[in-house]
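Below: one structure, written as structure tokens.
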Amino acid sequence: MNNTNLNPRDSKTVSPWQQQPGLDQQQEVVYSGTIYDVVIVGAGIAGLTTALLLQEQGKNCIILEGHNIGFGTTGATTAHLNTFLDTSYDQVEQDFGEDGARTLANATKESISLIQELVEKYQIDCDFTFKDGIIYSETEAETKSLLSLLEASRKAGVEAVEIRDNGIPVPFEFAVVFNDQAEFHPMKYCMGLAAAFKQLGGTIVENAFVRKTTTSDELQVAHTDHFEIKGRHLVYTTHMPPGLTVFDVECFPYRSYVLGIKLKNGDYPKNMAYDMKDPYHYIRTHTIDGQPHLILGGEDHKTGHDDPEAAFEALEAYARKYWYVESVDYRWSAQYYVPADGLPFIGKMPGFDDHTFVATGFSGNGMILGTISGKVFRDTILGKEDAYQKLFSPSRIKPVAGFKDFVAENADVAYHFVADRLSTEDMESFAELAPDSGEVVEYKGQKIAVYKDPQGQITALSPTCTHAGCIVKFNPVEKSWDCPCHGGRYDLKGQVITGPPVMNLEQINNPGE
Ligand code: FES
């Protein structure tokens, strides 16, 4: 793997998609006097799809990206395009009725069709391929759940049938195949969308972190450190929108782990496969630089909880149990947000005017739901009816029974807010800290987030997350400071790499003084 010229992303581990060259563009010159039709914040798949679909309709759009295209979760997805989602159709039917399940199923199918259409229209060379997706059970209880999922999927309009082979060497009890699933290279696809958008006259500005937005004369104003951009509409496609919002209690941050593995015997799965565990394992094959790789994901946990290294070890042990591993060529992690009621929030931002929009809560289905977000925003901004507006509305009344335990998840935030303040260990001297590691400690009466680099250089930061004041935790795998409350993340210098915080961690120059 060539580590030079990688597209940066919000983590230190490297996904295979990062080797894709960035957009070949001169630094855009932006004029604060221009009034755009739509300002889109965030250049992942949701932002790029939204921008392209609106630009196609004659809207003048600008994308403001805090870092670079695909810097966030899009650059680290495993790029499964499925008509079944993390929230199962039986769960959706129970909470949102048969109509809700059918509408969701239509959204997934339309999303795959839209990706296919854009790939063909703009001739995007991104390894887009249709595959079968197989879900299998390993226990009686899982089989019962899978049968329920199968029935609800069919009712929702997604065809699936029993199959005798799960296509991988993991023993199973019962398996179901969904046809016409797909996969692609997410960064090649996104760079293709970006190029098409620019070709149509759209503007993309990278390294333009939006610190806040305001309204003025009925226009939306996005403020970066260097300029302001005005537009008639503003769309947040940054996962969590910045600042304190309702989504802080309605979306919960998780991290997922992935390995890219070379096998000794060439026994790469032809299909995509998923078990019924919680969290589940997800498996497919992708050819990277002419060499097939088994792409194995799983071992998810809440951000800022649990040990990321242990997650990778568990994933590798799982791989070695079932496959002849020659080498683990890639290992990377990514963040996603689980919505309280299981469905994404796509639409008008609650508490804001009618011209501010948001898309978040995609769970592990960001490629599908990010794509459909683009369609929903296009239709809404053009004033058209859209089949998904109501179901995905961020202002929807939540059902009593939630997909995630709403109370427990938020109690966990409250717990961390208090407990992490009380449990800090004293540190007498930075000599106690191993090189290339970090910790939140009490040092000479001051609470600090301290990192020692491999050369022994110390960086000290305030450990108080600038979003809502929780205490950050060191992520030894990604070399970041992760917040256990709403998933805010900072790099080793304290700069925000993942929202919802917008301000950096405070630098402490002389700790203990
Ligand atoms: Fe909300 Fe840190 S992300 S307190």
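The values are calculated or read from the model by the stated rules, or taken from the named source; none is laboratory data. Values in this document were obtained by computation on a predicted structure and should not be read as measured data. Cβ: placed from backbone, ideal geometry, glycine included. Neighbour counts: every protein chain shown. Protein only, heavy atoms only, side chains kept; ligands, DNA and RNA dropped before computing areas. Shrake-Rupley method; radii C 1.70, N 1.55, O 1.52, S 1.80 Å.
Listed by chain and number, the lysines placed with their C-alpha closer than 23 angstrom to that of residue 447 are 473, 479, 493; residues fewer than eight positions away on the same chain are left out. Pairs of Lys residues in region 300-397, spaced 8 or more positions apart or belonging to different chains, with C-alpha separations under 28 angstrom: 7 in total.
Averaged over residues, the count of other Cβ atoms within 10 Å places the peptides 137-150, 462-475, 427-440 in the sequence 462-475, 137-150, 427-440, highest first.
Label positions at residue 428 and residue 455, each projected 7 Å from the Cα along the C-beta direction, are separated by 2.9 nm. Summary of the geometry: region 148-210 and region 294-365, compared by the centres of their Cα atoms, lie 14 Å apart. For the chain, the residue among 22, 483, 431 whose Cα projects farthest onto the positive side of the dipole built from Cβ charges is 22.
Of all lysines in the structure, those lying under 17 Å Cα to Cα from residue 270, and not within fewer than 8 positions of it along the same chain, are 131, 262.
Each residue of region 280-296 was assigned a 3J(HN,Hα) from its phi angle through the Karplus curve 6.51 cos²θ - 1.76 cosθ + 1.60 (θ = phi - 60°); the sequence is 8, 8, 9, 9, 7, 10, 9, 8, 10, 6, x, 10, x, 9, 7, 9, 10 Hz, with glycine and proline shown as x. The Kirkwood hydrodynamic radius of region 265-323, based on inverse pair distances between different Cα atoms, is 12.7 Å.
What you get for the chain, charging only the Cβ of Lys and Arg (+1) and of Asp and Glu (-1), is a dipole of about 880 debye around the Cα centre. If you look at the Cα atoms of the chain, you get an Rg and a Dmax of 22.4, 68 Å.
Counting only protein heavy atoms and using a 1.4 Å probe, the accessible area of residue 459 comes to about 40 Å². For trypsin sites (Lys or Arg not before Pro), no site in region 175-252 is both called loop by DSSP and has at most 13 other Cβ atoms within 10 Å.
Once you reduce region 52-115 and region 445-513 to the center of their Cα atoms, the two points are 32 Å from each other. With the convex hull drawn over the C-alpha atoms of region 171-299, the volume per residue is 208 Å³.
Applying the criteria of a DSSP loop state and at most 12 other Cβ atoms within 10 Å to the trypsin sites (Lys or Arg not before Pro) of region 338-403 yields 384. The charge dipole of region 425-513, taken about its Cα centre with unit charges on the Cβ atoms of Lys, Arg (+1), Asp and Glu (-1) only, comes to about 300 debye. Farthest toward the positive end of the dipole of region 236-278, out of 247, 273, 261, is the Cα of 261, where the dipole comes from beta carbon charges about the Cα centre. Cysteine residues of the chain whose C-beta has no other cysteine C-beta under 4.7 angstrom: 61, 126, 190, 251. Solvent exposure of region 66-162 amounts to 41 Å² per residue of accessible area, where only protein heavy atoms count and the probe is 1.4 Å. Per-residue extension of 0.36 nm, minus the Cα-Cα distance of residue 159 and residue 301, leaves a gain of 48.0 nm for this segment. At a 1.4 Å probe radius, carbon and sulfur cover how many percent of the accessible area of the chain? Accessible surface attributable to carbon and sulfur in the chain totals 48 percent. Helices of the chain meeting both criteria, an alpha-carbon length of 20 angstrom or more along the long axis and an average Kyte-Doolittle score not below 1.0, with helices taken as full DSSP H segments, do not occur. Sequentially through region 472-489, phi angles give Karplus couplings (6.51, -1.76, 1.60; θ = phi - 60°) of 6, 10, 6, 9, x, 7, 8, 6, 9, 9, 10, 9, x, 8, 10, x, x, 9 Hz, Gly and Pro residues having no value and appearing as x.
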